[in-house]
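Student: What follows is a single structure, and I will ask about it in a moment.
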Amino acid sequence: MKPKIYEQACLSRELTARRCSTLDSTPPLRRAVSPRLIFTIQRMQRLWISVVASILLSAGSASRADVYELKDGGRVVGTTAPRTEEGVYTIRTVEGAEITLERELVERIVPQDEAAVEYLRRSRTMPDTAEAHRELAEWCRERKLIEQADHHLARLAELDPNDEEAKRALGYQRVGNRWLTREELMKERGMVLYEGKWRTKQDIAIRQRKERAEDTNVDWFHDIRLWRGWLDNRRPERVAEAEALLRAINDPKAAPALARVMEEEEDRDVFELLLDVLGPLEHPVAVQTLVAYTLDPAMKTDIRDECLDYLINRDRPVQIIPYVQALKSKNNRVVNLAGYALGRIGNPAAVSPLIDALVTKHKYPIDMGPEMNAGFNPRGGGGGLNIGGGGIKIIEKEESNQRVLQALVKLSGKQNVNLEYDEPAWRAWYVDQQMRQRYNSRRDN
């Protein structure tokens, strides 16, 4: 099949030949012309009218160009002219040429502003010199054409390697005698781009382990919740199966899921079952959960002691920092629970914090109840009785912490000499002990 442009050329030659042979006889020509040729003539006439109109419009004003994106991947940039009835787009390009496009060839039309059109004109006529690229880059930056500005800055850096302003504008950094991009600099520092940010390999490894752990936690949580539900089943064999599956858990990665299920548990027997499973697991969440339960005043005493047993019976030493911090709690019960735990743990490093917590101050709300005032009128008449609410009053009270004193006596070894709640006396004793230890250490060396 011949191209459409070839067919139109043949029709044009046919029209010219017939005009030459019938200059003296117009009617025979009209009878000889085919309907297809008449259609072409009319189309060409409309096309010429469109051309003249577009020239007049372009001469009268600064037009805004459009980008015609074609279905075959090409594109045409130019001034948009009105489309004819047959679906033909007439376009005047920025170079001044005029072309016609069939509507079915166009994928979409993207409007462009005057700055983009002017940029196309300038970029196609500029010389490939450092100064020309510098000027056009500045022109683009003033008009917010950032991508185009970077393009010319990059070319400027190639033509003039000593242009520091261009390199800095492109994000280069000077390292010694070299200019490096941010990517090159980060790679030299051992950084890797991960999830949109530059990170160390160690950080990436930690994050990936955490992601895998979270996936594992989801799986464990699903299983533990399922087995917990079976414990309420009416079938004894199902209950026995659930208990066996829970007691068989020895994967430390199950600790977060167990702790989460325990937070919602209201059945005492089930809670103790889950605690028996969580207690032996070597996982930070397991330790944190056990410590939290030992300092919870709402928890039963036997549960707190069981949690403390799991902590003390581990192969590694118990961290005393959470309990030392709890000695400063606003809740006096928490202070004494921390003192009790430190006494059982038996770490001498807790002696000084225990001395500070022998006597602590705490605030308590007191309901003052109704307030009654009676009075009389000296001028005569009856007296008066006023009843008003006293409201809630906050008082501050010093508390002598018995569990803290018991722990201090145990850790100090002063079973026979008890300094009671005399904090200065305990502090003097503690300083004397420290001095003795230093003296003995020097003498042994």
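Student: In this structure, is Asp315 over 29 Å from Gln437 (Cα atoms) and without any contact (Cβ under 8 Å) to a residue 60 or more places away in the chain?
Tutor: No: the conditions fail for Asp315.
Student: Further question on the same structure: What do you reckon, is Tyr293 at pLDDT 95 or above, more than 16 Å from Met262 (Cβ to Cβ) and crowded, with 17+ Cβ neighbours inside 10 Å?
Tutor: Numbers: at pLDDT 95 or above: yes; more than 16 Å from Met262 (Cβ to Cβ): no; crowded, with 17+ Cβ neighbours inside 10 Å: yes.
The answer is no for Tyr293.
Student: Do we have Tyr340 as farther than 26 Å from Arg225 by Cβ, open to solvent by 30 Å² or more (accessible area, probe 1.4 Å) and either modelled with pLDDT under 95 or of a type outside the set (Asp, Glu) (or both) here?
Tutor: When the stated conditions are applied, Tyr340 passes them.
Student: Another question, if that's okay. Residues that are buried (at least 16 other Cβ atoms within 10 Å of the Cβ): which strands (runs of 3 or more DSSP E) entirely in the stretch 66-185 hold 1 or more of them?
Tutor: It comes to 75-80, 88-93, 98-102, 106-111, 178-180.
Student: From the list Ala244, Ala257, pick out the single residue that is under 19 Å from His222 (Cα atoms) and at pLDDT below 95.
Tutor: After applying the criteria, what remains is Ala257.
Student: Another question about this same structure. Based on what the data block shows, is Leu120 at pLDDT 85 or above and closer than 17 Å to Val67 by Cβ?
Tutor: So Leu120 does not fit the description; no.
Student: A further question on this structure: Are any residues in the stretch 199-232 open to solvent by 60 Å² or more (accessible area, probe 1.4 Å) and at pLDDT 90 or above, and if so, which ones? I'd like the intermediate steps shown before the answer.
Tutor: Initially, the stretch 199-232 is screened for residues open to solvent by 60 Å² or more (accessible area, probe 1.4 Å), giving 201-202, 206-212, 214-215, 218-219, 222, 225-226, 232.
Selection gives His222, Arg225, Leu226, Asp232.
Student: In addition: Exactly one of these conditions fails for Ile366: (1) part of a helix (DSSP H, G or I); (2) at pLDDT below 95. Give me its number.
Tutor: Result: Ile366 passes all but (1).
Student: Further, regarding this structure: Just for the stretch 349-368: of the residues that are in contact (Cβ under 8 Å) with a residue 40 or more places away in the chain and out of contact with any strand residue (DSSP E or B) (no Cβ under 8 Å at 6 or more places or on another chain), which one is most open to solvent (accessible area, probe 1.4 Å)?
Tutor: By that ranking, first place goes to Asp356.
Student: Here is a list of conditions, (1) in contact with a strand residue (DSSP E or B) (Cβ under 7 Å, 6 or more places away or on another chain); (2) farther than 30 Å from His283 by Cα; (3) without any contact (Cβ under 8 Å) to a residue 12 or more places away in the chain, and Lys167 meets all of them except one; can you say which number that is?
Tutor: Lys167 satisfies every listed condition except (3).
Student: Determine whether Leu193 is farther than 30 Å from Asp66 by Cβ and open to solvent by less than 40 Å² (accessible area, probe 1.4 Å).
Tutor: no
Student: Another one. Name the residues in the stretch 276-290 that are over 18 Å from Glu266 (Cβ atoms) and open to solvent by less than 30 Å² (accessible area, probe 1.4 Å), would you?
Tutor: Gly279, Leu281, Ala286, Leu290
The values are calculated or read from the model by the stated rules, or taken from the named source; none is laboratory data. Being a predicted model, the structure only gives us computed values, none of them experimental. Virtual Cβ from ideal backbone geometry, glycine too; neighbours counted across all protein chains shown. These area figures cover heavy atoms from the full protein model, side chains too; ligands, DNA and RNA do not enter into them. Shrake-Rupley method; radii C 1.70, N 1.55, O 1.52, S 1.80 Å.
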